[in-house]
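The values are calculated or read from the model by the stated rules, or taken from the named source; none is laboratory data. From a predicted model like this one, the values you see are computed outputs, not experimental measurements. Cβ placement follows ideal geometry from the backbone for every residue including glycine, while neighbour counts extend to all protein chains displayed.
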Amino acid sequence: MNNSSTTGGLDHGLRALVRDLAPGQKLPSNRELVDRYRVGPGTVVKVIAQLAAEGVVETRPGSGTFVALPSRGAPVLPDFGWQTVALADRSVDPGRPLGTSWPAGTIRLDGGYLHESLQPVRALGNALARAARRPGAWDRAPVNGLQSLRAVFATWCGPTVTPDDVLVTGGGQSALSVAFRAIAAPGSPVLVESPTYPGALAAARAAGLSPVPVPIDADGLRPELLAEAFARSGARLLYCQPTYQNPTGAVLSIERRRQVVEVARAAGAFVLEDDFATFLGHGGPAAPPKPLLADDRDGTVVLITSLTKPAAPSLRVGALVARGPVLERLRSVRQVDDFFVPRPLQEAALELVAAPSWERHLKTLGAALHERRHGLMTALEEHRPDWAVDHVPTGGLHLWVRVGSDDVALTAAARDLGVGVSQGSRYFATERPGSWLRFNFAAASDPVELAEAARRLAGL
């Protein structure tokens, strides 16, 4: 019997069977159909696929094939229960989804990026145009990144860092994910500041790690508590943001910088330094301190840096900087993820930071961030005198505000009033010691919008 005749016979038989069954009733299993119609399993799959495409039957993975229900009336929702079993207990919590919708007219102060009015849009456009015309711009890039771009990152990190120590990544979040998976084994603890960046907590948990909080104060991580946390947990990795920490804006003091690295070294652990805000100082005489990596003599510190925060959300170009065997581990994991960062994006980043307009942009940005931070603080003092800012940041994008009632309820109520803020509980790996809200004063269009947001919050 040729294949066409067996297919036609099965098709005719199944259509007759469907007419005799009620909508939603289950058809015999594929094995039963093979025996009944004396056809091969491939023929059964082919005919059922055709009937499903015509809407005669519907297949439910893990359950079988059923007579399709009439199209009129409420649609029948697919049964995804089989996926719950297949996925088992591996869950990933990304925090607030980036695509969350907001009512029209909402003033968004909950994000982690610059408002478009603060981005070097013209310089970015010019850089991308020049990059696209470079010879070989659309060819594959080296796995570690363009040599010239790696040299730029190395210069920013200090005189002891060379381009060979740099691995270009697709932004800071990608670097975080790579570092957690490359350095720590699934199931192991990782020390984190408390509070800390929620994206780091999500990346650590997605890598199968267990975040262990270490309290900070106005001067950053407390070394005596850090040493105790290493001893109690057995962790071999610390994640921290020593400069303009998210969410508090704290800067790790010079003395503590040395102590943190020494404590980690004594524990035989790595320090993953997230230097996301090095270009986000608010101006003034106090320049941001050099990264921990600059004084690291034996490869304890692995540094993450990125151009995304001071430039624009879609300039997803960052770097991992490390020395020793850990760099090869990082490179291997990064290569498995995406082979390499797109060359046009790397070329555009290089064009951007090499142009004279880059330094002008950073200077203008610092002044604007200072103005907006001051404006938001003034407006909150007027409209919410019951809230407190315990630490005035000298850099970064965020204001960490202590509130007197539940931050989860306040966040929801603020949304109803047309203001988007971040609830403080998201920034703690375990129980929170109080209630805070985080404001991104760089996300507003101008200081007038910040003042309007504070005025609306008076109605909470």
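Yes/no per residue for (1) closer than 24 Å to THR278 by Cβ; (2) surrounded by fewer than 18 Cβ atoms within 10 Å (Cβ to Cβ); (3) in the same structural domain as ARG130 (by TED's automatic domain parsing):
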| residue | (1), (2), (3) |
| --- | --- |
| THR378 | no, yes, no |
| GLU381 | no, yes, no |
| ASP390 | yes, yes, no |
| SER435 | no, no, no |
Within region 141-154, is even one residue out of contact with any Pro (no Cβ under 9 Å at 6 or more places or on another chain), in a helix (DSSP H, G or I) and at pLDDT below 90?
-> no
Conditions (1) in the same structural domain as VAL178 (by TED's automatic domain parsing); (2) surrounded by fewer than 20 Cβ atoms within 10 Å (Cβ to Cβ); (3) within 21 Å of THR155 (Cβ to Cβ); (4) not polar (S, T, N, Q): number failed by LEU362 = (1)
Test: residue in region 333-347 that is crowded, with 18+ Cβ neighbours inside 10 Å, in contact with a Ser or Thr (Cβ under 7 Å, 6 or more places away or on another chain), outside the structural domain of GLY396 (by TED's automatic domain parsing) and within 12 Å of ASN144 (Cα to Cα) | yes
Given (1) assigned to a helix (DSSP H, G or I); (2) touching a residue at least 12 places away in the same chain (Cβ under 8 Å); (3) not small (Gly, Ala, Ser), where does ARG31 come up short, assuming only one miss?
-> (2)
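Does region 100-121 include one or more residues that are modelled with pLDDT under 65 and either of a type in the set (Val, Ile, Thr) or exposed (fewer than 10 other Cβ atoms within 10 Å of the Cβ) (or both)?
Checked region 100-121: at least one residue is modelled with pLDDT under 65 and either of a type in the set (Val, Ile, Thr) or exposed (fewer than 10 other Cβ atoms within 10 Å of the Cβ) (or both).
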Selected residue [surrounded by 18 or more Cβ atoms within 10 Å (Cβ to Cβ), at pLDDT 90 or above and not aromatic (Phe, Trp, Tyr)] from LEU350, LEU315 | LEU350
THR160, sole failed condition from (1) more than 25 Å from GLU431 (Cα to Cα); (2) of a type in the set (Ser, Thr, Tyr); (3) under 24 Å from the mean Cα position of the chain (by Cα); (4) part of a loop (DSSP other than H, G, I, E, B) | (3)
Considering residues that are part of a helix (DSSP H, G or I) and out of contact with any strand residue (DSSP E or B) (no Cβ under 8 Å at 6 or more places or on another chain), the number found within region 451-460 is 3
Of the residues LEU167, LEU124, LEU191, which single one is in contact (Cβ under 8 Å) with a residue 40 or more places away in the chain, assigned to a helix (DSSP H, G or I) and either surrounded by 18 or more Cβ atoms within 10 Å (Cβ to Cβ) or of a type in the set (Ser, Thr, Tyr) (or both)?
-> LEU124
